[in-house]
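Structure record follows, encoded as structure tokens.
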Amino acid sequence: MKQDTLLAQAGARRDPATGAITMSICPSAAFQHPALGQSTGFDYSRTTNPTRKALEETMAALEGGARAVAFASGLAAVDAVMRLFSPGDAVLVTEDIYGGSYRLFERFGRTHGLHFVYIDTSKTENIAEGLKRNKFKGIFAELPTNPLLKVADLKALGTLAKEYGLLLVVDNTFLTPVLCRPLDFGADITLYSATKYLGGHNDLIAGLAVAKTQETGERLAFIQNAAGAILSPFESWLLLRSLKTLPLRLKKHEENALTVAEFLQKHRAARNVRYPGLPTDPGHALLTAQASGYGGIISFDAASRAEAERILASVRVFLFAESLGACESLITYPHIQTHADIPPEARERAGLTERLLRLSVGLEDPSDLLDDLSYALQGP
Ligand SMILES: Cc1ncc(COP(=O)(O)O)c(C=O)c1O
């Protein structure tokens, strides 16, 4: 079945006893055994749960993976993937990665003997050079990056990962499998903060990891059960429900984002407007080749920190908040919010300046969004 069909019917045909079209929420912690040594396939909900299973199977099918594993948050999914590595292993990581992933790598990964080297993953030649010089076990790439929206060449990453025998992990939170399927390009695992577009309504926190092979999927499921950061039956149901409208929402996010990006590009108070949907964006051609859309995230620089603060205080339709990918348009100040845990030198080096603002363009009427930005950017 095509993705739209899989999504529209997510959770259907799972209850032959009643014929329920909507997947039900199964809160049972434990399941009765038919007899000693027998199982219905469900024993204890940390290990597997019917509602979570429906979500995981939908995501695996959507992504073209062997197995999906649902976690209590996006970071719990990143954490589980990190546990696939062993002490002494080194991983190449996108330099302007989400600040929470950076914090996890540096504060926990390092204490468990892992090493992380941060690099601009949109520059394939730098990665190739890095791999020649040092021994790595994995690449962890965000695509497009949060918040600078740089685009890595997935095919090239897949080829390099194969050549060097690396685990290639792609955080695809910004695009979702509807717009891009990294496993098709050679990734071993696709990761999601499902809190964002997959959930799409600012009403749940969730994470997903989708593995290309059954073997990697089983290792992740083992970690999910052993460490216990599972997604609850209620959140699994809510996410499954949200997925049904994902393609429609993404279309509107993108339409609105392009309108906003074009507006910002012409506005003298907005500098370095980054949106891969703009034909002038450095990542446009590459993303066009490997995705069927560009998503709804834009970032730009205000003239100064004071100006960025003034814009944050002036918006009336955009909400000043720290997330993305939901119906409501949000504006974020990465420097001291989402990316506060990245040391100042590393932030500056990566271009995460104190003038940078990130927009998550929602589903509102675009004229309200333009009026709002027009007012906020016009200055005193
Ligand atoms: C790209 C990306 N990956 C992972 C995460 C972490 O996800 P969560 O907040 O659901 O734990 C985020 C959160 O903002 C994100 O933007």
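The values are calculated or read from the model by the stated rules, or taken from the named source; none is laboratory data. Please read all numbers here as calculations on a predicted model, not as lab measurements. We place every Cβ from the backbone using ideal geometry, glycine too, and count neighbours over all the protein chains shown. The protein model used for the area step is the full one, side chains on, heavy atoms only, and it has no ligands, DNA or RNA in it. Shrake-Rupley method; radii C 1.70, N 1.55, O 1.52, S 1.80 Å.
For the range 194-204, the count of residues that are within 10 Å of the ligand (Cβ to nearest atom), of a type in the set (K, R) and under 24 Å from L324 (Cβ atoms) is nonzero. Contact annotation: residue pairs with Cβ atoms under 6 Å, 6 or more positions apart or on different chains, pairing a residue in the range 30-49 that is in contact (Cβ under 8 Å) with a residue 12 or more places away in the chain with a partner that is open to solvent by less than 40 Å² (accessible area, probe 1.4 Å) and not in a loop (DSSP other than H, G, I, E, B), are N49/P233.
Give me the residue from the range 10-33 that is surrounded by 10 or more Cβ atoms within 10 Å (Cβ to Cβ) and β-branched (V, I, T) and, out of that set, modelled with the highest pLDDT. Within the range 10-33, the match that is modelled with the highest pLDDT is I25. Based on this model, can you work out whether G65 counts as small (G, A, S), in a loop (DSSP other than H, G, I, E, B) and under 30 Å from L166 (Cβ atoms)? Spelling it out, G65 is indeed small (G, A, S), in a loop (DSSP other than H, G, I, E, B) and under 30 Å from L166 (Cβ atoms). With respect to being modelled with pLDDT under 90 and among the small types (G, A, S), A321 falls outside the description.
Conditions tested, residue by residue: (1) in a strand (DSSP E or B); (2) closer than 18 Å to A227 by Cβ; (3) away from the ligand (no atom under 16 Å from the Cβ); (4) not assigned by TED's automatic domain parsing to the domain that holds A340.
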site	(1), (2), (3), (4)
V69	yes, yes, no, yes
S86	no, yes, yes, yes
V93	yes, no, no, yes
I97	no, no, no, yes
Y102	no, no, no, yes
F105	no, yes, no, yes
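Of the helices (runs of 4 or more DSSP H) that lie entirely inside the range 221-322, those containing 2 or more residues that are more than 30 Å from G158 (Cβ to Cβ) span 233-243, 246-266, 305-314.
Report yes if R13 is away from the ligand (no atom under 16 Å from the Cβ), within 21 Å of L246 (Cβ to Cβ) and either in the same structural domain as V210 (by TED's automatic domain parsing) or assigned to a loop (DSSP other than H, G, I, E, B) (or both), otherwise no. Lay out the reasoning, then the answer.
Details: away from the ligand (no atom under 16 Å from the Cβ): yes; within 21 Å of L246 (Cβ to Cβ): yes; either in the same structural domain as V210 (by TED's automatic domain parsing) or assigned to a loop (DSSP other than H, G, I, E, B) (or both): yes.
Spelling it out, R13 is indeed away from the ligand (no atom under 16 Å from the Cβ), within 21 Å of L246 (Cβ to Cβ) and either in the same structural domain as V210 (by TED's automatic domain parsing) or assigned to a loop (DSSP other than H, G, I, E, B) (or both).
Looking at A90, A61, which is the one that is more than 22 Å from P147 (Cα to Cα), touching a residue at least 40 places away in the same chain (Cβ under 8 Å) and out of contact with any His (no Cβ under 7 Å at 6 or more places or on another chain)?
Values: A90 fails: out of contact with any His (no Cβ under 7 Å at 6 or more places or on another chain).
Residue meeting the stated conditions: A61.
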